[in-house]
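Below is one structure, written out as structure tokens; the observations come after it.
Every number in this text was worked out from the coordinates using simple rules, so none of it is lab data. As the structure is a computational prediction, the values presented were derived from the model and not from experiment. Positions of Cβ are backbone-derived with ideal geometry, glycine not excepted, and every protein chain shown enters the neighbour counts.
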Amino acid sequence: SSEQAGGEDTSASEAGCKSADVRLVGQVRNESNPYEASWLAGGDAFAQSVGLKQERLTYDGDSTKQQEQISQLLAGDTKCLVMNVLPNGDSDTPPIVKGADQAGAYLVTQWNKPADLKPADYKTWISHITYNGVESGQQIGDALATAIGGTGGIIALQGILDTAAAKDRFAGLEASLKKNSGVKLLDQQAANFSRAEALTVTKTLLTKHGDNVKGIWAANDDMALGALEALQQAGKAGKVAVVGIDAVPDAITAIQGGKMTATVSSDGTWQGGIGLAIGYCVATGKLKVADIAADNRAFFAKQFLVTKDNAADFAQPKSNPADYECGNVFNRVAGPLT
Amino acid sequence: MTAEEVVTAPRRQSRRGASFRDAGPPVALIVIFGIFAALSPQFRSIDNVQNIVDAAAVLAVVTCGITFVLMMGSIDLSAAGVMGASALTVSLLVANNRNDNDFGLLGILVAVLLGCAFGCLSGLALVLLKVPSFMATLGVSAIGLGVATLMFAGVQPNISDAMLESWAIERFLGFAYLTWIAAACILVGWLIQRYTRLGRYAYAIGGAEEVLTLSGVRVKPYKIAVFTLAGAFYGLGGVMVTSQLGAGLVQAGDGYDFSAITAAVVGGTLLTGGRGGILHSAVGVLLVMVLTNGLVQVGVSPYWQGGVEGLIVVAAVAAAVIPQRRRNQVVK
Amino acid sequence: MSTPVAVRPATEPATVKSGPRPVERLTGFMPLIALVALVAALTIADPDFLTQRSLTAAARTAAPLIVLAAGATLVVLCGGIDLSIAALASLSTVLLALWLPDLGGLATPVVIVVAAAIGAVQGTAHVLLRIPSFIVTLGGLSILSAVALVVSGAGTVRVVDDSPVKWLDLYVAGYVPMSFAVAVIVVALIAVVLKVTPLQSWISATGYSESAARLAGTPVDLVKIGAFCVSGACAGLAAVMLVSRQFSGGPTMADNLLLPAVAAIVVGGTAITGGHGSVWRSLAGALVVTLLRVGLPIVGVPSAYEQILYGAIIVVAVALTLDRSRVSIIK
Amino acid sequence: MSAVPALEVRGLVKHYPGVKALDGVDLIVRQNEVLGLAGENGAGKSTLLKALVGLVAPDAGEIYVRGEPVKLRSVVDAADHGIGMVFQEQSLVPNLTAAENIVLGSEGAAVRRGIYRWDAMRRLAQEQLDKIGSHIDPLARTDTLTFAERQMVEIAKVLRIEERSQHPPVIILDEPTSVLESKEIETLFAQIRRLREFASVVFVSHRLDEVLDVCDRVTVLRSGQSVGEVATAGAVPRELHRMMIGSTGSDDHYHENAAAPVTAEQPRLSVRGLSGKSFHDIDLDVAAGEIVAIVGVHGSGREDVCRALFGAEPTTAGEIRMDGKKIDLPNTRAACAAGIGYVPAERKIEGMVGSMSVAENMTLTKQKARCTGPFVAPKKQATLVDSWIRRLSIRTPNRDTAIGRLSGGNQQKVVLARWLVGGDIRLLLLDHPTRGLDIGARSEVYRLMRELAASGVATVLLADSLEEAIGMADRILVMNDGRVATEVACPSGGKPSPLDLVKEMV
Ligand SMILES: Nc1ncnc2c1ncn2[C@@H]1O[C@H](COP(=O)(O)OP(=O)(O)OP(=O)(O)O)[C@@H](O)[C@H]1O
Ligand SMILES: Nc1ncnc2c1ncn2[C@@H]1O[C@H](COP(=O)(O)OP(=O)(O)OP(=O)(O)O)[C@@H](O)[C@H]1O
Ligand SMILES: [Mg+2]
Ligand SMILES: [Mg+2]
């Protein structure tokens, strides 16, 4: 037996592909939630701006299906392949990276990766983009503390327990709790980033802790919106502060309407476009991987705390073509991944 | 013959109505409720009991539907897809932020009918293509999710229909309207099961399908009708979830398929068909909800909750079957 | 003691000839035909699909699913169902990832044995407590998931040195992925063992008519426990394949393979009610399901339509492959 | 009697894979007569009758109802023409009430627009049950009824045809008596005679005396063809028998000449104080080579005793010894290992695995007989199975045919053969082993039992009828309400009369 049948010689030629030869692939979990839908829309917008089409792949939040799609994709023509991938979990990143590296496909990953896996060690894994979950968890934690006047009980709705995003954000909350010693974490439950689960869990926690609950910290906006419904059904709408993360349109509306306190923007439209843009620039030779600053190979993107004051600015997600010019692709770097 | 009478007389009493072998699940419910009540004062508060019952509403409706299918000895995994499609449909037809529709009740009706249509599709696949229901409904679920995704088209539809929103919020005698809707569904389900040919035939199909054919009953239309009926319940379930969440979610029905089957089986409905029924399932739903709620109330770590729940479900079913154990009994 | 019984010879000797009829043969090949038809359809949709690299990738992709489905097929043949396979595989990936650093190459067999033992425990619970396998394994699913979550610390366990499982990523004869080869060997092994021993009879009898089997002295309980045990072992092996592919173990890594595995069994034409079917059928079924999972999006079907197509095709595939002559009532 | 026959069949043909079940049958059922149908197992009786109620589509031939040619596509079709049938295998829905089963398929006033009217239903059902003088509670769930009670429900059900068709009905009874006791059989016959006033009846039974008793005329089928017709007035079973199989059976139906005297000094099976749920304090000895019959009315618990001896029913007290050695029977495996064999009464559910082949069913228990080491040896199996197919003259296309496709009698032979192929059987528990068997097959089973006894096998027999018990047994145990009431010696030459036994039974 011999190793690696499929692979041809894959020393990634940084020589430029023709723009028309570039194949753009965006892969997210599904098309049935607003965040990922906006991601794919952003990807489409970018592809259109360079006269191409984005191939959309979705894997239903199913890790194995994601791997299966990637390996099938890499078994095809990979010469000018650019992938902007949202790995389902940390553990899904290494095989994707290794596969792309072997096949010489240009890869940008977002959100999830194990800490010790670094783009800098690979030739065609150009960049990893994420938001600082600890920071966002802390920011909304602080905003929540302020909203309830610095003292009182809160409950926390966690995301899918085995994801880095859920863990980081919760770590941020814990940091915030340390700072705001008046705030007490009454309870924390997993609601798996799901609106429906958040609804039931919140209702239960509300009966458990009654009027002691002054605030609800949710690890994403979907759960925050579920919590809002629960409050409404419990007749407590407006009496309990709610914060989330992601800045999905409904959450912005809720903030504008005063129902929600704060969220943190993670710009799905931009993410969908920028991953492809970076890959496209490298594939067409306008950018050289070697030239990319080490800090830009794995970075936190800028995020903003959204409150009632600035919510209007985030109401309409817009993609700005200027962001995608090869000189500007790293404009939103907030700092290297730590 | 006197001997025969002597022997058979004592058995007569248990022939009609519920026998004591059906008592397992209610007893388990009471025991588990008692344990949680003893462990946690919040658990036994009126508020929490209301909360448990309210939280059970959607599951109860979905379980009503699935019970009829299980009674026939078939299985139905289409709830997730059908509910997703119906949730999107209703949220796009009542007043919402995506379009100018405002059909109110009519929209709800259409969503329920869509559920019927999907159910009918499962039934047709089973009856005409002879695809086992496990697969037919799994396929229909995928189709439902696909249809829902198409309708979703990237933007979350939020409802602003006053009536639909009020279902989840307004209360009557302490329970949300949704809970009363669920109660009505259980009542209707029970009436169907007991007083209609459809319900009795569903039960009979689970007992001995081939015999019905021998007796000149055409089984196929009833099978399709049962799946259609189940689809209607799922459709309504999707509407109820939409009311609760204030938005039409493709994932509205996530997990309801297996929870509903669990609830039905825990309540004493056999997966092989021919036994159990709506009231059994209602008990099963309460049991499952008491468990989920109770585990949160007594503060079991979120990491362990699923596991503890699984363990208790198995233990409850095991305890419930003890009185009916026989040496040569078939358990599948 | 021996009992010579000399009954009067029959006036007309029984006609004795054997062998299945052509129609029966054809139904046996239906899963294969469905597979070929699917490949053809995908190739028509996207001619690039029919390349050696692409097929190799598909085979490699299908391997864990084949193994999972093959094991669970035995349980289905006995008339039960095993819903815990995917959760057990997830737990096994975590255990393997945790044990690899200490045990090295020994970790693989140890994990498979542990998984087999867990399967056997579930089988025993099913048999002794007399609860439907659906419920036992549904409970098992939640319990195993919880254990996996706790053991892994609710996170991915990276495998830094994956050399002990690296062999699964090699290629036999240059083209056949090792994991696929292993999967086929497992299927062949199960099939042959069943065929040449009384096990086949025992399993079918248990699946078709448990009470008759029991009254014929068939070791029904042992057969069932054995089936669950093999199912568990297969879940363990599938986990090894997943770890070799993912370089890590995760508490939910294989969870989504449950329904595809059951789908593979049914698409293969095995009767979900038990009694009739084979692991070979599940092999073909697993390939069909894999092609549907990866093929549809790769040839460019949009997500929403992909789901609709998946649903429709899988129903049609089952309609084609199911051998109805053996199953009188379809539930 | 009008000239037009109620029902006429001409040249009906039906092929099944490997068999020609019907090979041009002709049959005439006149109005207001009871027609008997006789024939060996597998002669095609059930197939013919199923064709008459639209369950089997014939390949050729015509059916005329009151002179009109008809195509019967379904049971409903047949019912509309006034033809109804009680099936050989019980066909009630176990989890429905008796009342529902009785009206199933023709609910009439009991269901209006799909809505049940339980009162009307109970009344309808009660009417039917009253007709046959049964005291079954119409709202009892069918699975709580005994086998015989269920048979009565079936008959009550078929009598619904009376209400349903405006023409004089044709009622077909396929072996209705095989599971009934004599008193119930009498009730049934009274019904049949009542029916004759306004209907025609087709009656199938393997008990030729019954056939001659109740029928006006008998048509004999052989290998799917009608081979003759006998007016019952003055006919004797012997004659009928001759027509069925082409030769007169021997006088010695129970092969009493072959009965070997029991000589063993130590009992093969010795049971002391065995108690279980429905039987108490049973003492039972069976010597090697001895046949002991247990008789009793329904619910006497004899069946459960048998199952307990096979480890299929829990016991609460008592001990069981085989050849003097105490044995434990926690499950059926242990019983098989101890050389005990059991032929259950409900063949279809418990006796055989319907879709498995004859060969597999035959070797299911004694796997060793077809294996070399742990492996199945196909050659060995083929030789073994074929030899037994020949020895018991089992009618089957080949050994790989699914057993479900054989006629009842042949199925029973395969089930019996299962215990013999190992050659190590020491005790056979036979629960109604001849239920549904034709007279020839029965005789063969009796001969087989004798030969097994002669070779030292101990047998416990729950006989189909008292005559059978008396004919076959060396000793008879009478059970009553779960206890052994008495024991009657039954040696060759000194047989007790059925009446003596009946006295003890009630
Ligand atoms: N569904 C079937 N498929 C194949 N062969 C069948 C089927 N039904 C009956 N046969 C065959 O047709 C023949 C006639 O069977 P049938 O049941 O009519 O006999 P019978 O006279 O009723 O016998 P018995 O007295 O044992 O009930 C038998 O050889 C049987 O094996
Ligand atoms: N005293 C009793 N109390 C309750 N149930 C009983 C009693 N005696 C018997 N039974 C039940 O009645 C059923 C019939 O008993 P069983 O079949 O052993 O009688 P049998 O004499 O074999 O009747 P048959 O002549 O019909 O074969 C069994 O299921 C048994 O459990
Ligand atoms: Mg017959
Ligand atoms: Mg009996």
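What the table below lists for this structure:
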quantity: Taking chain A and dividing mean pair separation by its residue count, relative contact order in percent (alpha carbons under 8 Å, at least six apart); calculated: 20 percent
quantity: Shape call, chain B: gyration tensor on alpha carbons, a/c limit 1.5; calculated: oblate
quantity: Mean-position separation - Cα centroids, segment D:226-295 and segment A:243-310, in angstrom; calculated: 90 Å
quantity: For chain A: rounded, prolate or oblate by the Cα gyration tensor [a/c cutoff 1.5]; calculated: prolate
quantity: Placed amide H near D:VAL53: partners under 5 Å, 5+ positions off or other chain; calculated: none
quantity: Interchain or long-range residues, amide H under 5 Å from D:ALA6's placed H; calculated: D:VAL29, D:ARG30, D:GLN31
quantity: Centre separation in Å (Cα based) which lies between segment B:268-306 and segment B:72-111; calculated: 26 Å
quantity: Gyration tensor verdict on segment D:87-180 (Cα atoms; rounded if a/c is under 1.5, prolate if a/b is larger than b/c, oblate otherwise); calculated: oblate
quantity: Separation of the D:GLN166 and D:GLU319 label points, Cα + 7 Å toward Cβ, nm; calculated: 7.5 nm
quantity: Whole-Å distance, taken between Cα centres, linking segment B:144-182 and segment C:258-315; calculated: 33 Å
quantity: In sequence order, calculated HN-Hα J values of segment C:45-56 (Karplus, 6.51, -1.76, 1.60; Hz; x Gly/Pro); calculated: 5, 8, x, 5, 5, 8, 10, 4, 5, 5, 5, 4
quantity: Helix-derived mean residue ellipticity, 222 nm - over the protein assembly as shown, DSSP H n ≥ 4, -39500 (n - 2.57), to 500; calculated: -16000 deg cm²/dmol
quantity: Local electrostatic count, D:ALA231, Cβ distance below 15 Å [Lys/Arg +1, Asp/Glu -1]; calculated: -3
quantity: Cα gyration tensor of segment B:134-189 - equivalent ellipsoid semi-axes, whole Å, descending; calculated: 29, 21, 6
quantity: Protection proxy ranking, peptides C:143-155, B:34-46, A:82-94, average beta carbon neighbours within 10 Å, highest first; calculated: A:82-94, C:143-155, B:34-46
quantity: Beta bridges by DSSP in chain A, antiparallel share as percent, to the nearest 5; calculated: 10 percent
quantity: Count of lysine pairs in segment D:7-245 with Cα separation under 29 Å (8 or more residues apart, or interchain); calculated: 19
quantity: Projected-area average for the protein assembly as shown over all orientations - Cα convex hull basis, square nanometres; calculated: 55.3 nm²
quantity: Evaluated over segment C:67-256, the Cα radius of gyration and Dmax, each in Å; calculated: 17.0, 54
quantity: Helix C:133-151 axis, angle to chain C major axis (alpha carbon atoms, nearest 10°); calculated: 20 degrees
quantity: Inter-probe distance in nm under a simple model that places probes 7 Å from Cα toward Cβ, at D:SER182 and C:LEU106; calculated: 7.6 nm
quantity: Qualifying lysines (Cα of each under 25 Å from Cα of A:LYS113; at least 8 residues distant if same chain); calculated: A:LYS65, A:LYS79, A:LYS98, A:LYS123, A:LYS167, A:LYS288, A:LYS302, C:LYS166
quantity: Nitroxide proxy distance, nm - points 7 Å out along Cα→Cβ at B:LYS220 and D:SER223; calculated: 3.8 nm
quantity: Reachable aspartates and glutamates from A:LYS318, criterion Cα separation under 17 angstrom, eight or more residues apart if same chain; calculated: A:GLU36, A:ASP44, A:ASP246, A:ASP250, A:ASP267
quantity: Tail weight of P(r) past 24 Å, computed on alpha-carbon pairs of segment B:181-279, percent; calculated: 29 percent
quantity: Pair-distance profile P(r), taking every C-alpha pair of segment C:102-159, with 10 angstrom steps and integer %; calculated: 20, 40, 30, 10, 0
quantity: Pair-distance profile P(r), taking every C-alpha pair of segment D:354-423, with 10 angstrom steps and integer %; calculated: 23, 59, 17, 1
quantity: Sequence-distant residues sharing a close amide H with D:LEU173 (under 5 Å, placed H); calculated: D:VAL86, D:VAL202, D:PHE203, D:VAL204
quantity: Contact order relative to length of segment D:7-245, as percent, for alpha carbon pairs under 8 angstrom and 6 or more apart; calculated: 28 percent
quantity: Shielding by partners, peptide A:16-22 (average Cβ within 10 angstrom, other chains); calculated: 0
quantity: Cα-only Debye scattering, segment B:227-332: base-10 log of I(q)/I(0) at q = 0.10, 0.15, 0.22 Å⁻¹; calculated: -0.37, -0.79, -1.28
quantity: Relative contact order (percent, whole number), chain D, Cα cutoff 8 Å, 6+ residue spacing; calculated: 15 percent
quantity: Cross-link reach list, lysines versus B:LYS130, counting only Cα pairs under 18 Å and skipping chain neighbours closer than eight places; calculated: B:LYS220, B:LYS223, C:LYS331
quantity: Residue-wise HN-Hα coupling along segment B:62-78, computed from phi with Karplus coefficients 6.51, -1.76, 1.60 (Hz; x: Gly, Pro); calculated: 4, 5, 3, x, 5, 4, 4, 5, 5, 4, 6, x, 8, 9, 9, 10, 8
quantity: Net charge over other residues, Cβ less than 13 angstrom from the Cβ of A:TRP125 (K, R count +1; D, E count -1); calculated: +3
quantity: Free-standing Cys, the protein assembly as shown [no other Cys Cβ under 4.7 Å]; calculated: B:CYS64, B:CYS116, B:CYS120, B:CYS185, C:CYS78, C:CYS229, C:CYS234, D:CYS215, D:CYS306, D:CYS336, D:CYS371, D:CYS490
quantity: Cα-based Kirkwood hydrodynamic radius, chain D, one decimal, Å; calculated: 24.1 Å
